[in-house]
Structure formats: C-alpha cells, structure tokens
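Encoded as structure tokens, the structure appears first; notes follow it.
Read-outs throughout are calculated quantities, based only on the coordinates presented, and are distinct from any laboratory measurement. The structure presented is a predicted model; accordingly, all values stated were derived computationally and were not measured. Every residue, glycine as well, gets a Cβ built from its backbone with ideal geometry; the counts of neighbours run over all protein chains shown.
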Amino acid sequence: MNRLEGAFAAVVVSSMLLGGVVAADVSDSFRTVDLAGTIGSQADVEVSGTTMREDRLLVTAAVENPTRYRLELTGVFLQTFANESRLAYGSAPFADPAVIPARSTKRVRYSVQFSPDGLVRLRAAGTGAGGVELRTRYSLRLGETTFVLRNTERIEELGGTRS
C-alpha cells in the first residue's frame, strides 16, 4: 500500500508542477496577445509608390513601429477596388520576415501577382477617373503571436506614387 500511496503522491506533485508550467505559458500567451493588440493600434503603414509590371503590382510602403518591441512583417494580402467593386487580389508572403526594429520605420517592397482576368480589370480601372483603392492586411509577428495591421489607400494612377 505504501508504494501505491507514494506513486499517487508522485503523480499529484508532477501534475501540479506541469499545471504550473502550463498556466505560466498560457498567462504569457495572453500577455503577448494583449500586447499585440496594443501595438497593432500604434503601428502604421503608408504606401509611397506602386508600379505595374506584366503580371503583378510592385508596392513600396513604409512600416512604422513606434513601440519598444521588435516586429517582423511576415506577409501581405492585398485587394484592389474601384467604385466598391473588387478588381483583383493577391498575397505576398515573405520567405524571410522583414524585421522592423523598435522605434523605427522600415521601407519594404513587395510584389503581388494577380490572375489574368483580375489584371485586365485592374489595368482598366487604373487609368480611369477615381483611381484604385488598395486595401491591405499586413501580417506582423511579435514573438509567437501574429496580428494584422489593416491599411486602405487610394492610388490615382497605377505606376505612380500615391495621392
């Protein structure tokens, strides 16, 4: 019986230790998620230029990180609209995340490839009055937590700088 009681005590102690580790990990995750929400409301993106190529749009943007934390840009999802009608969409994952140091702004360039039909619609709208609206979601990472920074900008003429 003493062996059984000893084994039971060992299981109880082990589970308490493991529970403490899991609780600490969950607590750290909640803190990181809360921090990511705060940083997401402070960080900013501004598109400074666009260039049309044969089958894709090249975008230059400045990502501002006013916080004291190092952020990583891991990908971009871009949608283009004209008169609230979606023209084309695409994504640009970063094989190596772009690092945005604390309290700095980093200029990034990315390329978004579109379907042939989307490209035709985008080119037609890009030369018309009113221009094209870029709605972009930037995936940023803080530690193990990924959050999204949304940005909307109107481009009067594709291939030029933003208005």
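Applying the criteria of a DSSP loop state and at most 16 other Cβ atoms within 10 Å to the trypsin sites (Lys or Arg not before Pro) of region 66-163 yields R68, R70, R103. Here r is the Cβ-Cβ distance between R68 and V120 and R0 is 45 Å; the resulting FRET efficiency, rounded to 0.05, is 0.45.
Apply the a/c threshold of 1.5 to the C-alpha gyration tensor of region 38-155 and tell me whether it is rounded, prolate or oblate. Prolate. Compared with the direct C-alpha span, the chain from D55 to T105 gains 15.1 nm at full extension, assuming 0.36 nm per residue. Extension gain for the segment T152 to R3, taken as residue separation times 0.36 nm less the Cα-Cα distance, is 46.9 nm to one decimal. Listed from fewest to most Cβ neighbours within 10 Å, the set L78, L71 follows the order L78, L71. Remark: spin-label model distance E46-D96 equals 2.8 nm, labels positioned 7 Å along the Cα→Cβ axis.
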